[in-house]
Amino acid sequence: MIIDICFWNGKGDEFYYHYVPEVTKGRRQSKKWYNTHDYAIFHGKKYPTHANIKEWLREYFGDDWTTPKQSKGDWRLDVRDVIK
């Protein structure tokens, strides 16, 4: 199992920001996703997640987030929170 952990910083507006060395300007996500949360249970352990995970996945990856990808390329092309 792989768990990706990163740290986000609030800057007083409606977004949290995360610096990513490979992305010059970093990433940002709406603070609305962090106001409430839920838990996912995996192998008997609870992990915090977004309250409406399907809505978050749709906003983050697009309407086709449930369609398996045929190959894995540059992750920056698959997500919508990269600041260009």
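Please treat every number below as a calculation from the coordinates, not as lab data. Note that this is a predicted model, so its numbers are computed, not measured. Don't worry about glycine lacking a Cβ; one is built from the backbone with ideal geometry, like all the others, and counts go over all protein chains shown.
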Exercise for review: State the label only: which of (1) 14.0; (2) 14.5; (3) 13.3 corresponds to Kirkwood radius over Cα pairs in Å computed from the shown model?
Suggested key: (2)
Review point. What does the charge count near Tyr19 come to, summing +1 for each Lys or Arg and -1 for each Asp or Glu among other residues with Cβ under 13 Å from its Cβ?
Key: +2
Practice item. Evaluate the distance, in nm, between pseudo-label points positioned 7 Å from the Cα of Thr66 and of Lys31 along their respective Cα→Cβ axes. Key: 3.3
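Among residues other than Asn9 whose Cβ falls under 15 Å from its Cβ, what is the net charge (Lys/Arg +1, Asp/Glu -1)?
Taking every other residue near Asn9 into account, the sum is +2.
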Exercise for review: Kindly provide the GluC sites (Glu not before Pro) of the chain that DSSP labels as loop, not H, G, I, E or B, and whose Cβ sees at most 15 other Cβ atoms within 10 Å.
Suggested key: Glu14, Glu22
Practice item. Starting with the fewest neighbours, write out Leu57, Leu77 ranked by other beta-carbon atoms found within 10 Å of each beta-carbon. Key: Leu77, Leu57
Revision key, fill the gap. Checking the chain for chymotrypsin sites (Phe, Trp or Tyr not before Pro) in a loop per DSSP with at most 12 other beta-carbon atoms within 10 Å yields Phe7
Review point. Pick from Gly62, Gly26, Gly44: which is most flexible by mean-square fluctuation in a GNM of the chain where alpha carbon atoms under 10 Å apart are linked?
Key: Gly44
Check your understanding: Of the residues His50, His18, His37, which exhibits the maximal mean-square fluctuation in a Gaussian network model of the chain defined by a 10 Å Cα contact cut-off?
Key -> His37
Practice item. Going by C-beta contacts inside 10 Å, put Asp4, Asp64, Asp38 in order with the fewest on the left. Key: Asp4, Asp64, Asp38
